[in-house]
Each structure stands twice: as structure tokens, then as C-alpha cells.
Amino acid sequence: MTVPQFGQAEVALDEFEAFDAAAPEGFHVELINGRVLVSRAPDGDHDESVMFIGDQVRARRPELRMYQERGLTVPAYRAGRARVDGAVAPLGYFRGQPSWSDPEGVLMVVEVTSGSEQDADVDRVDKRDAYAQAGLPVYLLVDRHRGEAVVHWDPEGGTYRHSATAAFGAKLALPEPFGFDLDTSELA
């Protein structure tokens, strides 16, 4: 099955919501910087990477959880909707929230690349910028195409002021409020 491609035309929030409601099972629909992005549901290696990170967060910060496949509003530049691979927040944070939740209490967003190099560029640039504009404190990208993990933090003025990179197998220092070295040996 071919994933539909969309041009650069901006989509209104109500148009996006109608498309999201009609999307077939197995596809994720997001609205990033006014563009609809459609991707297949992740594979098993993708899920294992998110779980591996979540387990490390929980071991060091037991009051936090990694919530997978959360829908977040990222309203800064344009009304946006991102279905993040992982959202780290205090236990119970999403209780009672709608499927597209307010990201205010989210401490870190995790994305794992999949699909084509062009799809990976969305995670590397478009989502990074949208998350910084939304003021999400930490953005962790597991870049399976490049074999590295990249952490961005300290958003200001719509961009992250700091970043650090580690090749898979090396430790990656996560900034506060995490303050531990992330093991990347099982990321794929």
C-alpha cells in the first residue's frame, strides 16, 4: 500500500481532524507546521527502542513514565498535532486528557526514525523545530539511518539552544531533569 503524499499546501485544523478520523488502521496522521504527514505504524525494532529508553528513565526516575504513541498539541508556530513515539511525563499526567493532549507537563519527547531518509528529515528538522516552538524541554531523536542518538534541550525563541550526539553503543548524557547517561547499546 502506498502512503499518500501531500504537497506544501497548508491544512486547517478542522480539515486535519476530519482526515485523522478517517485514516485507515495502521497509519499515523500528524499536522506539523501546517502540513499533514502520514506514516505507517512503527515496526518492532522501533517499539523496542522506545521501550529501552523508557525502562532507563523509569529505573532512574520512578515517578516518570514513557507514554508511547501519545498525541500532543504543538500549537506554537501553527496549530499542530504530533503523534510522538514517546512522551516522558509524571505518572498519571495523561489521565483524563483527550487523544490530542496539552504538552505542558511533558519533560521529554522521543522520536525514532523509520521509513525513508526523507521521513527521517521530518524528525531531524520539522519535528525538532515544532517541539522547540512548543517549549518542550528535551527532544531525544533516535536516528536509525545515521546510527546515532541526538538530544536537544533548553528551548528558547523557538529553537533548542543545546544538543549532543552519541553513536549507537556510546553513552549519551541527558540533561536535567534527567541527569543520567543514556545507554544506546540496544537502539536500532
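The values are calculated or read from the model by the stated rules, or taken from the named source; none is laboratory data. All figures in this text were calculated on a predicted structure; none of them were measured in a lab. Neighbour counts run over all protein chains shown; Cβ positions are idealised from the backbone, glycine included. Surface accessibility is based on the protein's heavy atoms, side chains included, excluding ligands, DNA and RNA. Shrake-Rupley method; radii C 1.70, N 1.55, O 1.52, S 1.80 Å.
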Of the residues Gln56, Gln118, only one is within 28 Å of His145 (Cα to Cα) and open to solvent by 70 Å² or more (accessible area, probe 1.4 Å); which?
Gln118
Test each condition in (1) modelled with pLDDT under 90; (2) in a strand (DSSP E or B); (3) under 30 Å from Lys171 (Cβ atoms) for Val109 and report the one that comes out false.
(1)
Please pick out the residue among Ala89, Ala82, Ala120 that is part of a strand (DSSP E or B), in contact (Cβ under 8 Å) with a residue 24 or more places away in the chain, hydrophobic (A, V, I, L, M, F, W, C) and farther than 17 Å from Pro177 by Cβ.
Ala82
If you scan region 128-145, which residues turn out to be over 15 Å from Val88 (Cα atoms), open to solvent by less than 10 Å² (accessible area, probe 1.4 Å) and in a helix (DSSP H, G or I)?
Ala130, Ala132
Can you report the number of residues in region 60-75 which are outside any strand (DSSP E or B) and in contact with a Phe, Trp or Tyr (Cβ under 9 Å, 6 or more places away or on another chain)?
3
Any chance Ser185 is of a type in the set (Gly, Ala, Ser), modelled with pLDDT of 95 or more, under 17 Å from the mean Cα position of the chain (by Cα) and exposed (fewer than 15 other Cβ atoms within 10 Å of the Cβ):
no
Got at least one residue in region 37-45 being modelled with pLDDT of 65 or more and at negative phi?
yes
Residue selected from region 146-181 under the condition over 17 Å from Val106 (Cα atoms) and charged (D, E, K, R), by the criterion surrounded by the most Cβ atoms within 10 Å (Cβ to Cβ)
Glu148
